[in-house]
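Please read the structure below before turning to the comments.
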Amino acid sequence: MNISKKTRTLTIAGILTAITFLLGLTPIGYIPLPTMKITLLCIPVLVGVLLEGKWVGIWLGFIFGLTSLIQIFMGDFIGIALMNISVFRTLLVVFVPRLLVPIVAFYVYEAIKLIGNKITNKMGYAIAALLGSLTNTAFFLGMMYLLFLPEMGELSALFGTTNTGMLAVIGSIVATNGVLEAVAAVIIVTAICIAVTTIKVKPKNKKIESENKL
């Protein structure tokens, strides 16, 4: 990696880190709906991994998890309840899904790139963003359910349901929050990635055209 690429990567990683903190620690990162909130926290993680690679994405996934942990200490009642039961299991629920987001998105996009044309590459952004966002929702809720299954009575009370109704609650969250978050990620991440890669490609094209004219 040359110096200019390193500088660009560090710059983009720094900007996206700041954006992740801003979204994660303020109401800006959440779109309120009548019965739920849609989070935008996956978006900078997905943009980072698709533009700058796996390790930048994993770093941003860690920052996403860190903001979620900080949210617990800012009064998130579900997070506090999980912490009171088990700090270790709560840390797994907070960090593992966030770290899986860039890993899934990276390998999905790399697999699609093997097809090797511009149209599929653009579609790859959308598919990677979709699966990356759904990974966060599915693994967060799934791990919370499985890891805290012995204490499910306490958790189900927080959601206003029973042990048997908890799976239905999780399914409804995936079908509403998860899908809406994934749609938002697909639209925003795809638009940003296409815009940035187009800007990066244009100067090269202009240089080739000028050389041809000479």
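What follows draws every value from the coordinates through simple rules; no lab data is involved. The model shown is predicted, which means the values in this text are computed figures rather than measured ones. Cβ coordinates were reconstructed from backbone atoms using ideal geometry, including for glycine residues, and neighbour counts include every protein chain displayed.
What ranking do E151, E181 get, fewest neighbouring Cβ atoms within 10 angstrom at the top? Intermediate values should be presented prior to the final figure.
Values: E151 15, E181 23.
Starting with the residue having the fewest Cβ neighbours, the order is E151, E181.
Take the chain, compute every pairwise Cα distance, and split them into 5 Å bins from 0; I just need the percent in each bin.
1, 7, 13, 18, 18, 14, 10, 7, 4, 3, 2, 1, 1, 0, 0, 0
Please sort 124-133, 166-175 by packing, taking for each peptide the average over its residues of neighbouring beta carbons within 10 angstrom, highest first.
Numbers: 124-133: 24.3, 166-175: 15.3.
Put in order of decreasing packing, that is 124-133, 166-175.
How high is the relative contact order of the chain, in percent, counting Cα pairs under 8 Å that sit 6 or more residues apart?
Numbers: 235 pairs, mean separation 43.7, N = 214.
Relative contact order here is 20 percent.
Using the basic label-point model (7 angstrom from Cα toward the beta carbon), what is the A157 to I187 distance in nanometres?
4.0
For a protection proxy built on the mean count of beta-carbon atoms within 10 angstrom, sort 100-112, 5-17 highest first, please. Present the calculation step by step, with values, prior to reporting the outcome.
Values: 100-112: 20.5, 5-17: 14.4.
Top of the packing list down: 100-112, 5-17.
If you average the C-alpha positions of region 166-193 and of region 61-113 separately, how far apart do those two centres end up, in angstrom?
The two parts, judged by their Cα centres, are 16 Å apart.
Relative to the longest principal Cα axis of the chain, at what angle does helix 87-113 sit, 0 to 90 degrees, rounded to 10?
30
Please rank I28, I19, fewest neighbouring Cβ atoms within 10 Å first, as an exposure proxy. Please report the intermediate quantities before stating the final value.
On the way: I28 11, I19 20.
With the fewest neighbours first, I28, I19 line up as I28, I19.
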